[in-house]
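Read the structure below first, then the notes.
The values are calculated or read from the model by the stated rules, or taken from the named source; none is laboratory data. Here the structure is a predicted model, which means the values were calculated and not measured. All Cβ positions, even for glycine, are placed from backbone atoms using ideal geometry, and neighbour counts span all protein chains on display.
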Amino acid sequence: MATARQRDRAVTGHEEFRRQVRAWLAGNVPADGLPDPDTDAGFRAHRDWERRLYDAGYSGISWPVEYGGRGGDVLHEAIFAEEYERAAGPVRITRPVQRFLGPTLIHYGSAEQHHSWLPAMLRADDIWCQGFSEPDAGSDLAGVRTRARCDGTRYVVDGQKTWTTYGRFADWMFTLVRTGEPGGRHRGLSCLVIDLHSPGVRVRPVRQLHGQTGFAEVFFDSVAVPAGNLVGPRDEGWRVALTLLSFERGPDAGAPERTRRRLDALAGDVREAGAAPGVVRELGDGYARLAALRAYVHRRVGTRLHGEPVGAESSLVKLFSARLDTDIVQLGVDLFGDERLAERAPEFLDYWHSRAGSVYGGTTEIQRNVVADRILGLPR
Ligand SMILES: Cc1cc2nc3c(=O)[nH]c(=O)nc-3n(C[C@H](O)[C@H](O)[C@H](O)COP(=O)(O)OP(=O)(O)OC[C@H]3O[C@@H](n4cnc5c(N)ncnc54)[C@H](O)[C@@H]3O)c2cc1C
């Protein structure tokens, strides 16, 4: 029988849900935003915000209710993402959890793993990060060298991960490690969850060009991990990893609204400064491409709602969206110069971050390879 808490969180019809979300966000999104999550104080503020969202029932919208989610469908999830971006909600430190770590655990995890990990990750009581990339394994994850040797009841892990988002603050890492023969490429990989407070783990923040330390390198020196932390079958981690990547590359229903805000801000600056006809044309082109992106995202959400898997088409959405964002921000830089952007910190960070969109979750070249191979059927 449903508990009172579960009943309170029950999802309504889609339009009613949109009205509820919009009203809640209007009354709760911090008007001045939150401090940068890369700082200690900023991260704490973001964690508090995640708990407010969770307590109000706005976290894990499509996750099962027994793990703290809202029990909605893909369309509820998309509505929330759209409204959240429309209301300019703060960046989500649980984004990796919500978009791909949680869904992968729901898909492959055991009942025990579900109960011990999912609710705490959703409420940001435990911070999770993704440990796939290594110095010699990025686009080509078959190059993973971090080794996990099983000695019966536990794995002993040695190696290094890099580019770990929120690694500095994380409690747990979802890793891809080598349990089979070295050099086995896609064979002999496994997914293992590692407690980052274990002896032998060292986390080193990476300072980036703009001064932030959003990434970390994580080193493992004979780290003991219980065998029960294996997710999916041993040596078949590649299959788990592909599922995770398909969630990660899936259509982000909030993306068009995020882009719309960027474009509106630029249009406002252009209006103020007085616009040359060529610039107005470029802005118009941006709005036309935005309309196409929105239509395409809606179509993908629709097909997922009807049970289709995420699939290769998500690579098209990511390609289109990353390119549009880069072009908008570049237009701003061309018009107003780096200095002005540097003075206005949020846009400055936006500039760098728009570039990252062509790298994380699979680079532009890799997405093009996917489109060529799996959609167009071109020869390799
Ligand atoms: C903002 C951000 C957050 C990230 N967060 C995480 C995280 O939390 N956890 C994590 O594990 N990783 C994370 N990453 C790392 C990210 O997944 C990798 O950077 C990405 O997969 C590319 O790998 P790489 O950097 O090693 O580049 P490489 O794979 O070395 O690629 C270098 C260049 O070669 C091109 N290239 C490579 N292979 C091919 C090919 N077959 N055909 C054509 N071109 C090719 C690439 O497109 C790229 O231009 C993050 C990255 C960014 C930017």
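Close contacts from the stretch 163-183, counting a first residue that is assigned by TED's automatic domain parsing to the domain that holds VAL223 and a second that is among the aromatic types (Phe, Trp, Tyr) and within 12 Å of the ligand (Cβ to nearest atom), with Cβ to Cβ under 7 Å and a gap of 6+ residues or different chains, come to TRP163/PHE215; THR164/PHE215; THR165/PHE215; GLY167/PHE215; ALA170/TRP128; TRP172/TRP128; PHE174/TRP128; LEU176/PHE132. The residue list ALA322, ALA312, ALA292 contains one member that is in the same structural domain as THR364 (by TED's automatic domain parsing) and over 20 Å from VAL359 (Cα atoms), which is ALA292.
Residues of the stretch 102-140 being away from the ligand (no atom under 16 Å from the Cβ), in contact with a Gly (Cβ under 6 Å, 6 or more places away or on another chain) and closer than 21 Å to HIS46 by Cβ, which ones? Hits for the stretch 102-140 are PRO119, LEU122. Whenever a residue of the stretch 232-256 is closer than 21 Å to ASP140 by Cβ, its partners that are modelled with pLDDT of 95 or more and polar (S, T, N, Q), lying with C-beta atoms within less than 7 angstrom and at least six residues away or across chains, give the pairs ASP235/THR179; ASP235/SER190; GLY237/SER190; VAL240/THR104; THR243/THR104; LEU244/THR104; PHE247/THR104. Considering every residue within the stretch 302-309, establish whether at least one is surrounded by fewer than 21 Cβ atoms within 10 Å (Cβ to Cβ), modelled with pLDDT under 90 and closer than 21 Å to ASN369 by Cα. Within the stretch 302-309, one or more residues are surrounded by fewer than 21 Cβ atoms within 10 Å (Cβ to Cβ), modelled with pLDDT under 90 and closer than 21 Å to ASN369 by Cα. Every listed requirement among (1) surrounded by 18 or more Cβ atoms within 10 Å (Cβ to Cβ); (2) part of a strand (DSSP E or B) is met by ASP221 save one, (1).
Take ARG271 and decide whether it is of a type in the set (Lys, Arg) and within 26 Å of the chain's Cα centre (by Cα). No; evaluated as a whole, the condition is false for this residue. Within the stretch 245-258, being closer than 13 Å to ALA81 by Cβ and either part of a helix (DSSP H, G or I) or of a type in the set (Lys, Arg) (or both) holds for ALA255, PRO256, GLU257, ARG258.
GLU77: outside the structural domain of GLY232 (by TED's automatic domain parsing), over 16 Å from the mean Cα position of the chain (by Cα) and part of a helix (DSSP H, G or I), yes or no? No; evaluated as a whole, the condition is false for this residue.
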